[in-house]
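Heads up: the structure comes next, in structure tokens.
The values are calculated or read from the model by the stated rules, or taken from the named source; none is laboratory data. Please read all numbers here as calculations on a predicted model, not as lab measurements. Every residue, glycine among them, receives a Cβ derived from its backbone with ideal geometry; neighbour counts consider all protein chains shown.
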Amino acid sequence: MTVNDDSFTSWKNREEIAESMIPIIGKLHREQDVTVLVHSRSLVNKSVVSILKTHRFARQIAGEELSVTETLPFLQTLTTLDLGPSQIDIGMLAAEYKADSRGLTVEEFTADAVAGATGTNKIERRDGRDVVLYGFGRIGRLVARLLIEKAGSGNGLRLRAIVVRGGGEADLVKRASLLRRDSIHGQFQGTITVDEANSTIVANGNTIKVIYANDPSEVDYTAYGIENAILIDNTGKWRDREGLSKHLRPGIDKVVLTAPGKGDVPNIVHGVNHDTIKPDEQILSCASCTTNAIVPPLKAMDDEYGVLRGHVETVHSFTNDQNLLDNYHKADRRGRSAPLNMVITETGAASAVAKALPELKAPITGSSIRVPVPDVSIAILSLRLGRETTRDEVLEYLRDVSLHSPLKRQIDFTTAPDAVSMDFVGSRHASIVDAGATKVDGDNAILYLWYDNEFGYSCQVIRVVQHVSGVEYPTFPAPAV
């Protein structure tokens, strides 16, 4: 049988172009610390098919096909520029070039659009910043994967140590195995070896010391050559300033909590209030996964329509603080079997909104149901708006926010008619607006917001750590304010 199919030929051509892009993307990342994006999605370390799928995503969101034939000239132009550390979105460059009426060449347009990443205005590469993980559970291991992934660019975050309580025989091997394999998020992308004699894990060439301690007071990090480090506490054992201050040991400069902070601990949702962090603040919280999911869309809706009041109902995947089978639990209902039941529980996300978004004066209430899925949750956000609108207007607005606003790394947008929770495992956004489920009636709007409560939240944590460490690099073209 002879194949004579134009679409097949076109696919092969695009495959060839995508393959040629991989070494360019890698070289920019390694040598100039430039992360190449397409509509906020990184192309670093991606396969040929992944690059093509990322381009195809643009049709779903932006309403038109984006081809590698369009983005390749912009990528090639980047190699001719003296760039500083930055994130450059070649999808946005291609889209804005189409709309530009100045008659510039691709080279001229690109140089103009990324001017802040070149010449005297560019950010110079900084020395690395040490990072320590205190605890190595679900969030800890995903944060470790992200830190190891980013270490290859030399962008300044170096995972130097992990602190855990001592386990039994082959403890280090078992912990490395959990980093290597994950039932939800799949295999670690790279190589992992274990040096039990030196109590280290080597992941993609990064040597990570595993320190055994039962309490923060037992560790002097300078003894391991760690200085001025950011410690990420993902145990949740301490949530107030007094408890978290225990981590401020020799070698540790700042403490970041991956749970809602109590008292006067700042609760930070990257993209919304990360710019309020004081330079001398040593202790802060990344709030909860649900708070990160609802606050960016809340801010977006309040900015455009005004929000008078709201209620959030989260349908949340079960977590390790529930029982596999019925057994005693100090909390109501959580003792019942997590994989077999829907479990009504509480969420502090609604009350946490006031900490992350104090300018929102509307009362927000909340409740939650844990359901028998291992990852990905959905927040149903019901809002009374300050003015009447239409479903089409709201969707067009949120689509634009996801593509062009400063919240584009936090808010994603899907029009897939048959989207279900597992489709969003591995999403790097704080939340994803489900266009098909959105309901609007006059001044009432109901948004359905998917979120990977493990990986998406871990990405938000990394963004906060990058910001406080001074290695959060600008994105070009700059998003509209």
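Among the residues making up segment 173-190, those that are among the polar types (S, T, N, Q) and in contact with a Lys or Arg (Cβ under 9 Å, 6 or more places away or on another chain) are Gln187, Gln189. Count of segment 160-200 residues, restricted to those that are aliphatic (A, V, I, L, M) and either assigned by TED's automatic domain parsing to the domain that holds Pro374 or in a loop (DSSP other than H, G, I, E, B) (or both), is 3. Looking across segment 386-410, just one residue is hydrophobic (A, V, I, L, M, F, W, C) and outside any helix (DSSP H, G or I), and that is Leu407.
Does segment 351-361 include one or more residues that are surrounded by 13 or more Cβ atoms within 10 Å (Cβ to Cβ) and part of a loop (DSSP other than H, G, I, E, B)? Scanning segment 351-361, I find at least one residue that is surrounded by 13 or more Cβ atoms within 10 Å (Cβ to Cβ) and part of a loop (DSSP other than H, G, I, E, B), so the answer is yes. Quick test for you: out of Leu298, Leu284, pick the one residue that is touching a helix residue (DSSP H, G or I) at 6+ places or on another chain (Cβ under 7 Å), on the phi < 0 side of the Ramachandran plot and aliphatic (A, V, I, L, M). Testing whether each residue is touching a helix residue (DSSP H, G or I) at 6+ places or on another chain (Cβ under 7 Å), on the phi < 0 side of the Ramachandran plot and aliphatic (A, V, I, L, M) leaves just Leu298. The listed residues are Asp443, Asp392, Asp423, and the only one of them that is modelled with pLDDT of 95 or more, farther than 29 Å from Pro363 by Cβ and surrounded by fewer than 16 Cβ atoms within 10 Å (Cβ to Cβ) turns out to be Asp423. Of the residues making up segment 286-329, those that are in contact with a strand residue (DSSP E or B) (Cβ under 7 Å, 6 or more places away or on another chain) and among the small types (Gly, Ala, Ser) are Ala287, Ala293, Ala300, Gly306, Gly310, Ser317.
Could you grab me the full set of residues in segment 77-132 that are among the aliphatic types (A, V, I, L, M), farther than 18 Å from Val34 by Cα and touching a residue at least 60 places away in the same chain (Cβ under 8 Å)?
Of everything in segment 77-132, those that are among the aliphatic types (A, V, I, L, M), farther than 18 Å from Val34 by Cα and touching a residue at least 60 places away in the same chain (Cβ under 8 Å) turn out to be Val131, Val132.
Within segment 101-123, if we keep just the residues that are modelled with pLDDT of 90 or more and among the polar types (S, T, N, Q), the residue that is surrounded by the fewest Cβ atoms within 10 Å (Cβ to Cβ) turns out to be Thr105.
For segment 340-350, the candidate set comprises residues that are at pLDDT below 95 and assigned to a loop (DSSP other than H, G, I, E, B); within that set, the residue that is farthest from Val373 (Cα to Cα) is Gly348. When residues in segment 424-481 are screened for being outside the structural domain of His311 (by TED's automatic domain parsing), in contact with a helix residue (DSSP H, G or I) (Cβ under 6 Å, 6 or more places away or on another chain) and assigned to a strand (DSSP E or B), 1 of them pass.
Pairs linking a residue in segment 405-420 that is under 20 Å from Arg56 (Cβ atoms) and polar (S, T, N, Q) to a residue that is surrounded by fewer than 17 Cβ atoms within 10 Å (Cβ to Cβ) and modelled with pLDDT under 95, with Cβ atoms under 9 Å and 6 or more positions apart or on different chains, are Thr414/Gln60; Thr415/Gln60.
Taking segment 238-250 as the range and being part of a loop (DSSP other than H, G, I, E, B) and without any contact (Cβ under 8 Å) to a residue 40 or more places away in the chain as the test, the residues that pass are Trp238, Asp240, Leu248, Arg249, Pro250. Every condition in (1) assigned to a loop (DSSP other than H, G, I, E, B); (2) in contact with a His (Cβ under 8 Å, 6 or more places away or on another chain); (3) in contact (Cβ under 8 Å) with a residue 40 or more places away in the chain; (4) of a type outside the set (A, V, I, L, M, F, W, C) is met by Gly335 except one, and the failing one is (3). The set of residues in segment 289-304 that are surrounded by fewer than 21 Cβ atoms within 10 Å (Cβ to Cβ) and either in contact (Cβ under 8 Å) with a residue 24 or more places away in the chain or more than 23 Å from the chain's Cα centre (by Cα) (or both) comprises Asp302, Glu304.
Per-residue answers, yes or no, for (1) closer than 25 Å to Asp280 by Cα; (2) modelled with pLDDT of 95 or more; (3) surrounded by fewer than 21 Cβ atoms within 10 Å (Cβ to Cβ):
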{"residue": "Arg181", "(1), (2), (3)": "no, yes, yes"}
{"residue": "Asn206", "(1), (2), (3)": "no, no, yes"}
{"residue": "Lys209", "(1), (2), (3)": "no, yes, yes"}
{"residue": "Asp220", "(1), (2), (3)": "yes, yes, yes"}
{"residue": "Ala229", "(1), (2), (3)": "yes, yes, no"}
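Taking the criterion of being among the aliphatic types (A, V, I, L, M) and surrounded by 14 or more Cβ atoms within 10 Å (Cβ to Cβ), the residues of segment 84-100 that qualify are Ile88, Ile90, Met92, Leu93, Ala94, Ala95.
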